[in-house]
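Novice: The following block contains the structure, expressed as structure tokens.
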Amino acid sequence: MRRPFIILLAANALSVTGTMLCVLAVPWFVLETTGSAALTGLAAFSTTLPVVVAAAFGGTLVDRLGFHRSSMLSDLISGLVVLAVPLLAQGSGLSYPLLLALLFLRWLTATPGETARKAMLPELAALGQVRIERAAAAYDGVYRGAAMVGAPLAGVLILWLGTHALLVVDGVTFLLSAALVGMLPRAVPGGQARPGGGEGYLRGLRTGLAFLWRDRLQLSATGMLVVVNMLDTGVTQVLLALYARDVAGDPRAFGLLAGSVAAGALAGTVAYAAAGDRLPRRLTYGVAFLLAGVPRVLVLALDVPFPVAVGVALASGFAAGAINPILGVLQYDRIPPVLRARVIGAMTAAAYAAMPVGGLLAGALTELAGLRAALLAFACVYLLISLPPFVGRAWRELG
């Protein structure tokens, strides 16, 4: 009976791998073709703004279409759009505005699929008699593992085959993910549209946000994610690419740094799955959040030897491994199943709201003050946003 749960994990692994390939391929592609940090930041904006839009209305759309159909359509469209980029580029038919439009469409369709797969998890875990804590950790572990493989793989493929071939591989991973979700039996809970599917998009978003507003702990957690997602976008999609080009002088450094964070996070997720129920949730979450952001950015600003930067990235990733499982259990424990897609969609929309600013901010700061100053500024904000679990009253409920 665990087969559907395993299929879900495999489909998510393929989709996340494709996403990581895209996340690294696009900024390098733009840097290769334009050489501009500002235009690279604008491309990052075009990949994050649609995530916010899709997350805002995606929960209600997922309810209307059903989890299976939403996930399949999302990956099918993403795969076809990504495949169109190298095909058009080879024929000299890919202008920069068209690239931005394709990026917008790809990320617009990606978020509902992610929401759908995450919303399937509790029922499929129950069907396979998997405890929700272990299921949440397994889901996040697969995500981390796919990111760990995808990031360095992207760096190697860029150097070996070039960005065009990398984007072809990227598109194929999405198509394979859609095929796997299609193997899930329709009788599996969550496969069909849910009763809330007749609710309007705006009303569905309001329902999710209203629930979130009443839950002060999840509201505070979402507020932290708003800022940290903005920072992560700027670091991953702009600052790391610039560091690899200007400091390391090798695209593999880009993939290795991102992959080291993912590798550490996978190890951290596995460790949390094994021992997390014996750790104090509030303190664990606070320390993990603090260590996940500040050190890995600060060492790049201090221009330490590259192996040291990789080691710190691994350690920061390990700390980050506990964050998503704790948040996942928090969501599954506190959100009623009938509201799950809408509330998760609303939380995703809120958490992603500032992501488009991250790439623009990183690009603009680098153009104005240089890479080192931009890295230091990002490290300071990472530090400030890590404080709520230590000082916020609502966080006492997490204990």
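Novice: Is there a residue in segment 42-49 that is surrounded by 21 or more Cβ atoms within 10 Å (Cβ to Cβ) and over 20 Å from Met230 (Cβ atoms)?
Specialist: no
Novice: Could you tell me which of the residues Ile385, Ile326 is touching a residue at least 12 places away in the same chain (Cβ under 8 Å), within 16 Å of Leu290 (Cβ to Cβ) and touching a Phe, Trp or Tyr at 6+ places or on another chain (Cβ under 7 Å)?
Specialist: Values: Ile385 fails: touching a Phe, Trp or Tyr at 6+ places or on another chain (Cβ under 7 Å).
Just a single option satisfies the conditions, and that option is Ile326.
Novice: A follow-up question, please. I'd like the residue in segment 269-298 that is over 18 Å from Ser386 (Cα atoms) and in contact with a Gly (Cβ under 9 Å, 6 or more places away or on another chain) and, out of all such residues, is surrounded by the most Cβ atoms within 10 Å (Cβ to Cβ). So that I can check it myself, show each step before the final result.
Specialist: Just the residues of segment 269-298 that are over 18 Å from Ser386 (Cα atoms), to begin with: 269-279.
Imposing the further condition that a residue be in contact with a Gly (Cβ under 9 Å, 6 or more places away or on another chain) reduces the set to 269-273.
Values: Thr269: 29, Val270: 18, Ala271: 15, Tyr272: 25, Ala273: 21.
Result: Thr269.
Novice: Sticking with this structure for a sec: Select from segment 53-64 the residues that are over 13 Å from Glu114 (Cβ atoms) and buried (at least 21 other Cβ atoms within 10 Å of the Cβ) and list them in ascending order. Break it down into steps so the answer makes sense when it comes.
Specialist: Initially, segment 53-64 is screened for residues over 13 Å from Glu114 (Cβ atoms), giving 53, 56-57, 60, 63-64.
Within segment 53-64, Ala56, Thr60, Asp63 qualify.
Novice: Report yes if some residue within segment 383-391 is closer than 19 Å to Val52 by Cβ and not acidic (Asp, Glu); otherwise report no.
Specialist: Taking every residue of segment 383-391 in turn, at least one turns out to be closer than 19 Å to Val52 by Cβ and not acidic (Asp, Glu).
Novice: From the list Leu87, Leu105, Leu124, Leu159, pick out the single residue that is in contact (Cβ under 8 Å) with a residue 40 or more places away in the chain and more than 28 Å from Val343 (Cα to Cα). Talk me through it step by step, then tell me what you get.
Specialist: Details: Leu87 fails: in contact (Cβ under 8 Å) with a residue 40 or more places away in the chain; Leu105 fails: more than 28 Å from Val343 (Cα to Cα); Leu124 fails: more than 28 Å from Val343 (Cα to Cα).
Residue meeting the stated conditions: Leu159.
Yes or no, residue by residue, for (1) of a type in the set (D, E, K, R); (2) in contact (Cβ under 8 Å) with a residue 24 or more places away in the chain; (3) under 14 Å from Ser15 (Cβ atoms):
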| site | (1), (2), (3) |
| --- | --- |
| Gly41 | no, yes, no |
| Leu100 | no, yes, no |
| Arg117 | yes, yes, yes |
| Met120 | no, yes, yes |
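Novice: If I ask for residues that are in a helix (DSSP H, G or I) and in contact (Cβ under 8 Å) with a residue 24 or more places away in the chain, which ones from segment 294-310 would you list? Spell out the reasoning first.
Specialist: Going through segment 294-310, the residues in a helix (DSSP H, G or I) turn out to be 294-301, 306-310.
Hits for segment 294-310 are Val294, Arg296, Val297, Leu298, Leu300, Ala301, Phe306, Ala309, Val310.
Novice: If we only count helices (runs of 4 or more DSSP H) wholly inside segment 313-399, which ones have 2 or more residues that are at pLDDT below 90?
Specialist: Numbers: elements: 323-334, 340-351, 355-369, 371-385, 388-391.
In segment 313-399, the matching helices (runs of 4 or more DSSP H) lie at 323-334, 340-351, 355-369.
Novice: Consider Leu14 carefully, then state whether it is under 24 Å from Val172 (Cβ atoms), touching a Ser or Thr at 6+ places or on another chain (Cβ under 8 Å) and of a type outside the set (Ser, Thr, Tyr). Even if it seems obvious, please write down each step before you answer.
Specialist: On the way: under 24 Å from Val172 (Cβ atoms): yes; touching a Ser or Thr at 6+ places or on another chain (Cβ under 8 Å): yes; of a type outside the set (Ser, Thr, Tyr): yes.
For Leu14, the condition - under 24 Å from Val172 (Cβ atoms), touching a Ser or Thr at 6+ places or on another chain (Cβ under 8 Å) and of a type outside the set (Ser, Thr, Tyr) - is met.
Novice: Scan segment 4-32 and report the pairs whose first residue is over 30 Å from Leu184 (Cα atoms) and surrounded by fewer than 24 Cβ atoms within 10 Å (Cβ to Cβ) and whose second residue is modelled with pLDDT of 80 or more and basic (Lys, Arg), with Cβ atoms within less than 9 Å and a gap of 6+ or a chain change.
Specialist: Once the first residue is over 30 Å from Leu184 (Cα atoms) and surrounded by fewer than 24 Cβ atoms within 10 Å (Cβ to Cβ) and sits in segment 4-32, its partners that are modelled with pLDDT of 80 or more and basic (Lys, Arg) give Trp28/Arg245; Leu31/Arg245.
Novice: Can I ask one more? If only one of Leu205, Leu239 is surrounded by 15 or more Cβ atoms within 10 Å (Cβ to Cβ), touching a Ser or Thr at 6+ places or on another chain (Cβ under 9 Å) and modelled with pLDDT under 80, which one is it?
Specialist: Testing whether each residue is surrounded by 15 or more Cβ atoms within 10 Å (Cβ to Cβ), touching a Ser or Thr at 6+ places or on another chain (Cβ under 9 Å) and modelled with pLDDT under 80 leaves just Leu205.
The values are calculated or read from the model by the stated rules, or taken from the named source; none is laboratory data. No experiment lies behind these values; they were computed from the predicted model shown. Ideal geometry is used to build each Cβ from the backbone, glycine not excepted, and the neighbour counts take in all protein chains shown.
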